[in-house]
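Read-outs: derived from the displayed coordinates by stated rules, not from any lab. Bear in mind that the values here come from a model prediction, so they are computed numbers and not experimental data. With ideal geometry, Cβ positions are generated from the backbone for all residues, glycine too; neighbour counts draw on all protein chains shown.
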Amino acid sequence: MIETIVFDFGGVLIDWSPKYVYKPMFNDDEKMNWFLSNVCTNEWNLEQDRGRTFAEGIATLQASFPDYVDHINAFHSQWEQMLKGEIAETVSILKELKKKYKIYGLTNWSAETFPIALKRFDFLSLLDGIVVSGEEKMIKPDKKFFELLLDRYHLKAANCVFIDDNEHNIAAAKELGFHAIHFTSADSLKKELTSLNLIN
């Protein structure tokens, strides 16, 4: 019996992308994509999500890529501009689900920047609990991170639906017994939740 819904944030409820900062900075998509694939990579950013400070992460990169000192620094100094806004259609689904279910968040997010999101997005106050990777020093798809959520809030994976846009995170959740939905759009999410009789 489903009692709980667990949401990922970035790409599901919140529109976050470094491209919102770097597209105008480079004014050249090819150069921007090279930078994000080779300098400020997703793997590099995940270490901040795992708990490394931005100061340490930026200093390491700047030493390796001295030609991009200012660009690298912008990843933190202009980070809030990477938050375009909430994904309204998905937030609407969350609000509908909240009428019947407990709602939690499990997010890969830096402990340094998550307070910005908390302040900016009112809908986050609707959640019954949020587990932030940067605060716990572990990230999805590490199963221990999922287990921390379950233990902290006394949840059973079999009674939870987990929603995430990352297939690796979905696979880990399924292995732990969650009902996992790979998020691709609000419309497809609504159809899957409707098929589970969780919303009308």
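General observations
- Shape descriptor for the chain: Rg over Rh equals 0.99 (Cα atoms; Rh from the Kirkwood inverse mean 1/r).
- Taking 7 Å steps out from each Cα toward its Cβ at K144 and L118 produces label points 2.4 nm apart.
- Taking each of K23/K137; K23/K119; K102/K144 in turn, the alpha-carbon distance tops 24 angstrom for K23/K137; K23/K119.
- For the range 44-83 versus the range 135-185, the spacing of their alpha-carbon centroids is 27 Å.
- Theoretical gain in end-to-end length, N42 to A158 [0.36 nm per residue, Cα-Cα removed]: 38.7 nm
- Model label points for E89 and K19, set 7 angstrom from Cα along the Cα-to-Cβ axis, are 1.7 nm apart.
- Amide H partners (placed H, <5 Å) of G129, local residues excluded: G105
- Farthest positive-ward along the chain dipole, Cα basis, beta-carbon charges - from V21, I93, Q78: I93
- The fraction of all Cα pairs in the range 56-132 landing in successive 5 Å bins from 0 to the largest distance is 3, 13, 19, 19, 15, 10, 8, 7, 4, 2, 0, given as whole percents.
- Neighbour counts of C-beta atoms inside 10 Å place V131, V12, V39 in the sequence V39, V131, V12, starting with the fewest.
- Charge dipole magnitude, Cβ of K and R +1, D and E -1 - the chain, Cα centre, debye nearest 20: 680 debye
- By other beta-carbon atoms within 10 Å, ranking I139, I116 with the fewest at the front produces I116, I139.
- Pair K98, M1: separation of 7 Å Cα→Cβ label points (nm): 2.4 nm
- Available extension along the chain between N33 and L176 is 48.0 nm, counting 0.36 nm per residue and deducting the alpha carbon span.
- Value of relative contact order over the chain, rounded to a whole percent, pairs C-alpha under 8 Å and six or more apart: 28 percent
- Stretching E80 away from A55 to a fully extended chain increases their span by 7.4 nm, per 0.36 nm per residue minus the current alpha-carbon distance.
- Amide hydrogen neighbours beyond the local backbone of A180, cut-off 5 Å, H modeled: F162
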